[in-house]
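Student: Can you keep this structure in mind? I'll have questions shortly.
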């Protein structure tokens, strides 16, 4: 028996991180935010983005945090993976999150940001032809996700439903 | 335009003072409701970034009890009142006499949950009416929404408006002391997240806008 040893690399809110070989990528407490993992299963490199908002065009900030928005974070994610040796044609994706935490009856567009985040992520992945192999999206629960670069499984934990692998 | 990162100590002290007025009102309301002496005070007002905000409540994966309000009126924004499940349970048990109440128990806790929502409502209402009297800007809380889930998932939702202009938020720490020997003061947090445009309105009314 060998003991598996790996590092868990934490991905913060509006953040982007990479892992290779046996290491894991983990982000905690996804609500309306979406966790996007893109990886090359054979080369064993992976990147995880924790995106908060769909579109950087809505930003009024001077020092834009590129990792906050789906439209700016995901291109960096793909480019960096390629630089790290991933093969573009082999890239796959898994996504989780995009919940609506508060059931508010309001016309405020911010309150359905989870659904809009998911739309933006899927639109980008479709455009660059990266297939989504599995997803756990929408609903009204927070999620913590952890991706194993070793076996490409994404574990998704919620408070009420425990942990599942997708 | 100045956002949180550039708030002066004087502006923060002003917010803390308003916080103490508001929590004084809230304590009076709660004392009447519980029929015992309750004190509330604001030990500090801070500007924190997202990750610090998560750490304040135990990390993004920590289970928290949050009452969320949309602030409506002339200076709209978001507001949270946050307790740990343990503190929320103690509070509700005391208020309702339901000895086995637990926020995480899905059955038969409707009465307790609505009591908790009501506590949140009183506190937020008192705080906001103090603030709005003090600065003469109309602000009212929406219907409270109670959620028990991971801190990251809940708090990020309230940060969305703000996050388009800033990566920080204002935290008004609140201590609730029920003067009983067997219990520590309950530590609650109010997170006040004015929408970007509201911020300048509040400070110009306070007479402490940027020199």
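The values are calculated or read from the model by the stated rules, or taken from the named source; none is laboratory data. Keep in mind the model is a prediction, meaning the values are calculated, not measured. Every residue, glycine as well, gets a Cβ built from its backbone with ideal geometry; the counts of neighbours run over all protein chains shown.
Student: With respect to residue B:102, is the statement that it is surrounded by 21 or more Cβ atoms within 10 Å (Cβ to Cβ) and more than 16 Å from the chain's Cα centre (by Cα) true?
Tutor: On the way: surrounded by 21 or more Cβ atoms within 10 Å (Cβ to Cβ): no; more than 16 Å from the chain's Cα centre (by Cα): yes.
No: the conditions fail for residue B:102.
Student: Looking at residue A:32, is it touching a residue at least 40 places away in the same chain (Cβ under 8 Å) and surrounded by 15 or more Cβ atoms within 10 Å (Cβ to Cβ)?
Tutor: Working: touching a residue at least 40 places away in the same chain (Cβ under 8 Å): yes; surrounded by 15 or more Cβ atoms within 10 Å (Cβ to Cβ): yes.
In short, yes.
Student: Looking for whichever is in contact (Cβ under 8 Å) with a residue 60 or more places away in the chain and either part of a loop (DSSP other than H, G, I, E, B) or surrounded by fewer than 17 Cβ atoms within 10 Å (Cβ to Cβ) (or both) here; the options are B:75, B:90. Which one fits?
Tutor: Details: B:90 fails: either part of a loop (DSSP other than H, G, I, E, B) or surrounded by fewer than 17 Cβ atoms within 10 Å (Cβ to Cβ) (or both).
It is B:75.
Student: Which numbered condition in (1) within 25 Å of residue B:142 (Cα to Cα); (2) touching a helix residue (DSSP H, G or I) at 6+ places or on another chain (Cβ under 7 Å); (3) within 13 Å of another protein chain (Cβ to nearest Cβ) is the only one that residue B:60 fails?
Tutor: It is condition (1) that residue B:60 fails.
Student: Of everything in segment A:77-101, what is crowded, with 19+ Cβ neighbours inside 10 Å and either in contact (Cβ under 8 Å) with a residue 60 or more places away in the chain or within 14 Å of another protein chain (Cβ to nearest Cβ) (or both)? Give them in sequence order.
Tutor: Selection gives A:77, A:81, A:94, A:95, A:96, A:97, A:98, A:99, A:101.
Student: With the structure loaded, tell me whether residue B:103 is touching a residue at least 24 places away in the same chain (Cβ under 8 Å) and out of contact with any strand residue (DSSP E or B) (no Cβ under 7 Å at 6 or more places or on another chain) or whether it fails that test. Steps first, please.
Tutor: Numbers: touching a residue at least 24 places away in the same chain (Cβ under 8 Å): yes; out of contact with any strand residue (DSSP E or B) (no Cβ under 7 Å at 6 or more places or on another chain): no.
Considered against the rule, which asks whether it is touching a residue at least 24 places away in the same chain (Cβ under 8 Å) and out of contact with any strand residue (DSSP E or B) (no Cβ under 7 Å at 6 or more places or on another chain), residue B:103 comes out as no.
Student: What's the number of the condition residue A:74 fails, among (1) in a strand (DSSP E or B); (2) crowded, with 24+ Cβ neighbours inside 10 Å; (3) modelled with pLDDT of 95 or more?
Tutor: Only one criterion is unmet by residue A:74, namely (1).
Student: Let me ask another. Restricting to segment A:1-29, name every residue that is part of a loop (DSSP other than H, G, I, E, B), away from every other protein chain (no Cβ under 11 Å) and buried (at least 19 other Cβ atoms within 10 Å of the Cβ).
Tutor: Result: A:23, single match.
Student: Output the number of residues of segment B:34-57 satisfying the condition of being within 13 Å of chain A (Cβ to nearest Cβ) and either free of Cβ contacts under 8 Å to residues at least 12 places away in the same chain or not in a loop (DSSP other than H, G, I, E, B) (or both).
Tutor: 8
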